[in-house]
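One structure below.
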Amino acid sequence: LPLVYSALLSTGLLAGGCSSGSADATPPAAGAAGRGSAAAPVEVTRAVRKTMPLDLQAIGTVEPLSTVSVNARITGQLESVHFTEGQEVRRGQVLFTLDRRPLEAAVKQAEATLQRDMAQAANARVQAQRFIDLQSRGIATREQLETSRANAEALDATLEADRAAVENARIQLDYATITAPLSGRTGSLMVHNGSLVRANDTTPLVVINQISPINVSFAVPEAQLAALKRYIASGQVPVSVASPDQGMVTAGRLSFVDNRVDPTTGTIRVKASFPNGDHQLWPGQYVNVTLTLATARDAVVVPTAAVQSGQDGPYVFV
């Protein structure tokens, strides 16, 4: 992709830019018609000084800042959907609710098991203390004492497992309520009320795209990488995008430069970030990207049409 720029006047040559000066038509020579050849009009214009941006232009693709596929983490029947397709949702907003009844029963069962084992563990500790007293008076054997202590410790370990089981059952119950992991716009709804959803299914329940802010991805020629890095080091590099019909222009900033050049295309991937509060940019959209590396002040410019290409490079007639 070409680097569009303006160059300073040097040795009588002017590089391409855009001049606001008007062109004057030079009348043909008086004897031209008499020599039997058609008169060739020659247009001239003045070279002017103006501020010109040093731009890098490319074709970019709009990409969401984040994309999340929402899946169920447990298997169950879908009880209700709390949004509509294409709706804007907020982070933490409830999207789906699964049937909670089997999960609530599992929590109660785990809590009952914990209560039973707590009672058994308390009794085992009492028995262990009793055998300590009996062994000190020579009534109980040492083997009986050690057995009672081991039984009490085993039941204490069982209590820890029971508490973990209760916590896991409560987590599974929380999974019955599926919330939005980020703020964004929802896509097509893949399930409906009454559907049986499976844990970590390959087909997501819905896909959420974060489009405010949003990214635009484009490629920069490898030959411009050194200049791009130099201007990035000197400060922020503004970026603007426009729709193909130029009906929409949005300003943003450069946010990412890939860590390698693609050897198949000789380009490097670059991304720019845009606030996109008005949602003018949409994921998958193609846009014209203008990367402004610097601004040349008091540059001598002429119309682009005046610049010709020769074996020694670009030139103009003076």
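The values are calculated or read from the model by the stated rules, or taken from the named source; none is laboratory data. Just so it is clear, the structure is predicted and the values come from calculations on it, not from any experiment. Quick reminder, even Gly has a Cβ in these numbers, built from the backbone with ideal geometry, and neighbours come from all protein chains shown. Ligands, DNA and RNA are stripped out before the accessible areas are found, and what is left, the full protein with its side chains, is counted by its heavy atoms. Shrake-Rupley method; radii C 1.70, N 1.55, O 1.52, S 1.80 Å.
If the condition is being open to solvent by less than 30 Å² (accessible area, probe 1.4 Å) and within 30 Å of Phe218 (Cβ to Cβ), then region 63-85 contributes only Val70. For the condition modelled with pLDDT under 95 and touching a helix residue (DSSP H, G or I) at 6+ places or on another chain (Cβ under 6 Å), Asp117 qualifies. In region 43-62 there is at least one residue matching the filter, namely being part of a strand (DSSP E or B), open to solvent by 30 Å² or more (accessible area, probe 1.4 Å), free of Cβ contacts under 8 Å to residues at least 40 places away in the same chain and not hydrophobic (A, V, I, L, M, F, W, C). Scanning region 200-216 for residues that are open to solvent by 40 Å² or more (accessible area, probe 1.4 Å), in contact (Cβ under 8 Å) with a residue 12 or more places away in the chain and more than 12 Å from the chain's Cα centre (by Cα) turns up Asn200, Asp201, Thr203, Val207.
When region 136-161 is filtered for residues that are among the polar types (S, T, N, Q) and under 58 Å from the mean Cα position of the chain (by Cα), the ones remaining, listed by number, are Asn151, Thr158. All conditions but one from (1) open to solvent by 30 Å² or more (accessible area, probe 1.4 Å); (2) of a type outside the set (Ser, Thr, Tyr); (3) not in a helix (DSSP H, G or I) apply to Ala157; the one that does not is (3).
Tallying residues that are open to solvent by 50 Å² or more (accessible area, probe 1.4 Å) and of a type in the set (A, V, I, L, M) within region 241-256 yields 2. Counting only strands (runs of 3 or more DSSP E) that sit completely within region 184-276, zero hold 2 or more residues that are on the phi > 0 side of the Ramachandran plot. Each residue in region 122-134 was checked for being open to solvent by 60 Å² or more (accessible area, probe 1.4 Å) and either at pLDDT below 85 or over 60 Å from the mean Cα position of the chain (by Cα) (or both), and 5 pass. Give Ala105, Ala110 a once-over and let me know the one that is modelled with pLDDT of 95 or more and either touching a Cys at 6+ places or on another chain (Cβ under 8 Å) or surrounded by fewer than 14 Cβ atoms within 10 Å (Cβ to Cβ) (or both). Criteria check complete, one pass: Ala105. Check whether at least one residue in region 124-131 is among the β-branched types (Val, Ile, Thr) and in contact (Cβ under 8 Å) with a residue 40 or more places away in the chain, and report yes or no. Looking for residues that are among the β-branched types (Val, Ile, Thr) and in contact (Cβ under 8 Å) with a residue 40 or more places away in the chain, one finds none in region 124-131, hence no.
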